1. For L72, state whether it is within 18 Å of K191 (Cα to Cα) and in contact with a Leu (Cβ under 6 Å, 6 or more places away or on another chain).
2. Looking at P227, P218 in this structure, which one is without any contact (Cβ under 8 Å) to a residue 40 or more places away in the chain, exposed (fewer than 14 other Cβ atoms within 10 Å of the Cβ) and not charged (D, E, K, R)?
3. Take the conditions touching a Pro at 6+ places or on another chain (Cβ under 9 Å) and surrounded by 19 or more Cβ atoms within 10 Å (Cβ to Cβ) and apply them to L35. Does it pass?
4. Of all residues in region 186-215, how many are of a type in the set (D, E, K, R), without any contact (Cβ under 8 Å) to a residue 60 or more places away in the chain and surrounded by 11 or more Cβ atoms within 10 Å (Cβ to Cβ)?
5. Scan region 199-239 for residues that are among the aromatic types (F, W, Y) and not in a loop (DSSP other than H, G, I, E, B) and jot them down.
6. How many residues are free of Cβ contacts under 8 Å to residues at least 40 places away in the same chain, within 23 Å of K66 (Cα to Cα) and in contact with a strand residue (DSSP E or B) (Cβ under 7 Å, 6 or more places away or on another chain) if we restrict to region 93-151?
7. Which one is nearest to E33 (Cα to Cα), of the residues in region 104-152 that are among the β-branched types (V, I, T) and buried (at least 16 other Cβ atoms within 10 Å of the Cβ)?
8. Output the number of the condition that Y150 fails; it satisfies all remaining conditions of (1) under 26 Å from F91 (Cβ atoms); (2) modelled with pLDDT under 95.
Amino acid sequence: MKLKIFFYAIIASLFFASCNSSGSKEYDTRAVESLDKLTETIGKMEALSYTVQSYVVNDKSEVISKTSDVYLKGANKMFIENKSSRGNKSFWYNKGKFAYFLYNKNEYDILDAPDNTLKLIDSIHSKYGIYFPAADFLYPTLTDDMMDNYNQILFFGTEKVDDIDCTSLEASNEENIIQIWVAKETNLPHKMVITSKTNKNKYYEAVYTNWRINPKLPDVLFAFQPPSGSKQVKFQPKN
């Protein structure tokens with residue numbers, strides 16, 4: 001079964017809440033084609049892994065930096081290791097079970113979960129407010145979603161970013177601007193920047209590296225075992 005990973009607009013919901021755009025629209029066909037190629041490339045994968053280095057400034061001017069190593073296999077296996085300025089934690093998703101572990105508190109919980117990645121991301125984010133870096137860019141209707149939420153999607157040609165030749169894209173609406181750089185050689189995302197038009201403090205930047213296409217990921221990677229001496233604490237829904 002091919003990998004079915006789904007883009008979930010968590011960045012927008014956390015920081016820049018995009019809305020359905022109205023009024024005149026402008027969509028460069030080259031930008032649309034680039035997004036389609038990205039989605040097609042990822043949709044053919046059986047498994048993948050990558051690293052996300054992100055930097056966030058929220059509406060309170062708080063700075064949060066994070067490095068996430070992401071591993072996905074099939075339609076229902078995911079492991080994410082997060083190292084953050086707010087503490088380290090990891091997530092395991094294996095078919096019908098979702099587990100998390102907080103390293104600084106030595107605490108964990110195991111929850112019943114839906115049987116595929118899309119439903120898992122949707123339910124856990126809605127109930128607990130967790131952001132999954134595995135969701136960025138990977139939803140198969142990415143292009144349509146971008147066109148539904150942004151008045152403009154523009155193409156800015158080739159730009160070298162971190163010595164990588166990238167296709168440069170920009171999407172904007174009344175609230176925010178998203179800049180995306182897609183590696184030309186692989187058709188995979190390399191960098192994304194989101195800036196707010198309504199609050200100069202808000203900022204998000206992510207760099208995607210260490211892409212591995214169809215790696216052989218052992219099933220044990222996705223199986224959580226509570227560390228010795230750790231304590232199970234019920235995971236509390238967001239208010």
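The values are calculated or read from the model by the stated rules, or taken from the named source; none is laboratory data. Just so it is clear, the structure is predicted and the values come from calculations on it, not from any experiment. Cβ placement follows ideal geometry from the backbone for every residue including glycine, while neighbour counts extend to all protein chains displayed.
1. Values: within 18 Å of K191 (Cα to Cα): no; in contact with a Leu (Cβ under 6 Å, 6 or more places away or on another chain): yes.
No.
2. Result of the check over P227, P218: P218.
3. Numbers: touching a Pro at 6+ places or on another chain (Cβ under 9 Å): no; surrounded by 19 or more Cβ atoms within 10 Å (Cβ to Cβ): yes.
So L35 fails the test.
4. Pass one, region 186-215, residues of a type in the set (D, E, K, R): 191, 197, 200, 202, 205, 212.
When the remaining residues are screened for being without any contact (Cβ under 8 Å) to a residue 60 or more places away in the chain, the result is 191, 197, 200.
Of the ones still in play, those that are also surrounded by 11 or more Cβ atoms within 10 Å (Cβ to Cβ) are 191, 197.
The total comes to 2.
5. Start the filter on region 199-239 by keeping residues that are among the aromatic types (F, W, Y), which leaves 203-204, 208, 211, 222, 224, 235.
Once the filter is applied, which keeps residues that are among the aromatic types (F, W, Y) and not in a loop (DSSP other than H, G, I, E, B), region 199-239 yields Y203, Y204, Y208, W211, F222.
6. 4
7. We begin by selecting, within region 104-152, every residue among the β-branched types (V, I, T); these are 110, 117, 121, 124, 130, 141, 143.
Next, from what is left, pick out any that are buried (at least 16 other Cβ atoms within 10 Å of the Cβ): 117, 121, 124, 130, 143.
Details: T117: 26, I121: 27, I124: 32, I130: 31, T143: 9 Å.
Per the stated criteria, the residue is T143.
8. The single condition Y150 does not satisfy is (1).
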